[in-house]
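Q: Dropping the structure in here first, questions after.
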Amino acid sequence: MLHVKNLVVQVEEKQVLNGVSMTFEQGKNYCILGKNGSGKSSLAMTLMWHPSYEATKGTVSLDDEDLLEMEPDERAKLWIFLAFQSIPEVKGVKLFEFLRTIYNSRWEKKESFVSFKRIILPHLEELGIDKEFLWRDLNVGFSGGERRKIEILQVKILEPKYIILDEVDSGLDVDAFRSVAGLLKELDSPENSFIIITHYFTILEYLKVDEVMVLQDGLIVQQWGKEIADTIQENWFGE
Ligand SMILES: Nc1ncnc2c1ncn2[C@@H]1O[C@H](COP(=O)(O)OP(=O)(O)O)[C@@H](O)[C@H]1O
Ligand SMILES: [Mg+2]
């Protein structure tokens, strides 16, 4: 279970979260709604320990371990994955080496060039990613859809328990969005939890959620359980 309790977060001397509490149970999916500037990405960044986001009060714990006290290398082994609102390009780092490094760190392995190639190629094929991408710099010149697929590839090899999607629809055209949403749906399982941050409901057509929370000015102002979440989904998509 991922527990956020009374979390207050500051960035550049501005308080962006003002005492947020939420509980994420493994296997359930969640949706966090909120207007631009309400603090959604700040919450995601804090859960991923972005250095600019400082938790000044409150706690974040995963299965009773205090996340905020952990060292970066311990955190890397944790099972939280963030799909960024805007995915950064990393010059000078080949996709293949990036994937091999995170895989070895996550599973405490020492896969070689050859053995990791054997692991990664079937995943590329499944996702319809050209293997030439492996030898390109991470995300440099990749389209929005290709970047999202690379993130999905990371989810496949890291098998995180908590997958935070921060406005995954941003930068995607309708077709690319459908393809990405379909792939995400395939990853949904009782072993993982999606935390879907959005202000467009379309992604919820693909991923069913158990709870909806509304963030406003760094505070949770509404919280609905499964019944209301279902009603929202039904009314929106007419299922
Ligand atoms: N790195 C930053 N430096 C300064 N202000 C920031 C930074 N990140 C976020 N903020 C501010 O914090 C508030 C919440 O932003 P954010 O969490 O990105 O909102 P959302 O994702 O809901 O649109 C906004 O007012 C934003 O301008
Ligand atoms: Mg945001």
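Q: For segment 54-95, give me each residue that is in contact (Cβ under 8 Å) with a residue 12 or more places away in the chain, exposed (fewer than 13 other Cβ atoms within 10 Å of the Cβ), of a type outside the set (V, I, T) and part of a strand (DSSP E or B).
A: K91, G92, listed by residue number.
Q: If we keep just the residues of segment 11-33 that are at negative phi and near ligand 1 (Cβ under 6 Å from one of its atoms), which is surrounded by the most Cβ atoms within 10 Å (Cβ to Cβ)?
A: By that ranking, first place goes to V16.
Q: If you check K94 against the conditions, is it in contact with a His (Cβ under 7 Å, 6 or more places away or on another chain), within 30 Å of G141 (Cα to Cα) and not polar (S, T, N, Q)?
A: Considered against the rule, which asks whether it is in contact with a His (Cβ under 7 Å, 6 or more places away or on another chain), within 30 Å of G141 (Cα to Cα) and not polar (S, T, N, Q), K94 comes out as no.
Q: State yes or no: is S42 open to solvent by 70 Å² or more (accessible area, probe 1.4 Å), under 28 Å from L153 (Cα atoms) and not hydrophobic (A, V, I, L, M, F, W, C)?
A: Against the criterion (open to solvent by 70 Å² or more (accessible area, probe 1.4 Å), under 28 Å from L153 (Cα atoms) and not hydrophobic (A, V, I, L, M, F, W, C)), S42 does not qualify.
Q: Collect the residues in segment 127-161 that are in a strand (DSSP E or B) and surrounded by fewer than 20 Cβ atoms within 10 Å (Cβ to Cβ), keeping them in residue-number order.
A: D137 - this is the single residue of segment 127-161 that is in a strand (DSSP E or B) and surrounded by fewer than 20 Cβ atoms within 10 Å (Cβ to Cβ).
Q: Return yes when T56 is farther than 30 Å from E13 by Cα, among the hydroxyl-bearing types (S, T, Y) and away from ligand 2 (no atom under 16 Å from the Cβ) and no when it is not.
A: no
Q: Pairs, please: C-beta under 9 Å, at least 6 apart or cross-chain, first residue under 17 Å from T202 (Cβ atoms) and more than 8 Å from ligand 2 (Cβ to nearest atom) and in segment 33-47, second open to solvent by less than 20 Å² (accessible area, probe 1.4 Å) and assigned to a helix (DSSP H, G or I)?
A: Note: pairs meeting the criteria are L33/K40; G34/K40.
Q: Can you tell me which residues in segment 162-177 are touching a Lys or Arg at 6+ places or on another chain (Cβ under 8 Å) and assigned to a strand (DSSP E or B)?
A: D166
Q: Now for a different question. Which members of segment 174-217 meet the condition of being touching a residue at least 40 places away in the same chain (Cβ under 8 Å), open to solvent by 40 Å² or more (accessible area, probe 1.4 Å) and either aliphatic (A, V, I, L, M) or touching a His at 6+ places or on another chain (Cβ under 8 Å) (or both)?
A: Of everything in segment 174-217, nothing turns out to be touching a residue at least 40 places away in the same chain (Cβ under 8 Å), open to solvent by 40 Å² or more (accessible area, probe 1.4 Å) and either aliphatic (A, V, I, L, M) or touching a His at 6+ places or on another chain (Cβ under 8 Å) (or both).
The values are calculated or read from the model by the stated rules, or taken from the named source; none is laboratory data. Because the structure is a prediction, the values reported are computed rather than measured. All Cβ positions, even for glycine, are placed from backbone atoms using ideal geometry, and neighbour counts span all protein chains on display. To get the accessible areas, we keep the full protein, side chains included, count just its heavy atoms, and leave off ligands, DNA and RNA. Shrake-Rupley method; radii C 1.70, N 1.55, O 1.52, S 1.80 Å.
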